[in-house]
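Working notes, structure below.
The values are calculated or read from the model by the stated rules, or taken from the named source; none is laboratory data. Quick caveat, the model's predicted, so the values are computed rather than measured. Neighbour counts run over all protein chains shown; Cβ positions are idealised from the backbone, glycine included.
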Amino acid sequence: MHGIVDNSPNSLKAIILLGHGSRAEGANRDMYKVVDIFQKKWPERIVTAAFLEINEPSIPDCIDTCAKKGAEEILLTPYFLHMGNHVRKDLPHLVEIGASRNPNVKIHLGPHLGFHEKIIDIVSQRIEEGLEECSQSIITK
C-alpha cells in the first residue's frame, strides 16, 4: 500500500468511505449522511463512498474516478465495525486493484471503525432507547 505522506496544501486529497453494500432500500442512507457531513467539513477534498459488493461504485472504480478528478492521494476508510474477512482480505485486495490501475496516486487503506471508546457512548444510548421502547410496549402472548 502507498502511504499518504505529503501534507502539502496543493495536493488534492480524496477520502472514500467503504461500505459493504446492500439490496435493502435505504440501507446505505446513513453512510451517505456521513459522506455529506465530511464533504461539507472538507470542501477542498473529494469525499465519496464505494462498496464492496452489490452497490455502485465498486472500490476500484471509485479510486479511478477520484484519480480522474485529480486526486493525488486517496485515503480509504472502511465503514465496518468488525475485523472479519472483508476487512482483512477483500478490502485490501480491491484497494490493490485500484492502486495498480492508478500507479501515480498515493493510496492508503485506513483502519476500520472497530472498537473505540466513543462507541461505548453510542451503544449505551441505543440500549437506553431500546429499554425505553421495551417499557412502553405491551407484549401479549
query = Out of the range 69-120, which residues are within 17 Å of the chain's Cα centre (by Cα), modelled with pLDDT of 95 or more and of a type in the set (S, T, N, Q)?
reply = Thr77
inquiry  = Which count do you get for residues in the range 1-33 that are more than 18 Å from the chain's Cα centre (by Cα), modelled with pLDDT of 85 or more and acidic (Asp, Glu)?
reply    = 1
inquiry  = So for the range 11-33 (the condition being among the β-branched types (Val, Ile, Thr) and not in a strand (DSSP E or B)), does at least one residue qualify?
reply    = no
inquiry  = Tell me yes or no: at least one residue of the range 49-70 is assigned to a loop (DSSP other than H, G, I, E, B), on the phi > 0 side of the Ramachandran plot and surrounded by 12 or more Cβ atoms within 10 Å (Cβ to Cβ).
reply    = yes
key: Residue selected from the range 78-110 under the condition surrounded by 19 or more Cβ atoms within 10 Å (Cβ to Cβ) and of a type in the set (Val, Ile, Thr), by the criterion farthest from Pro60 (Cα to Cα)   = Val87
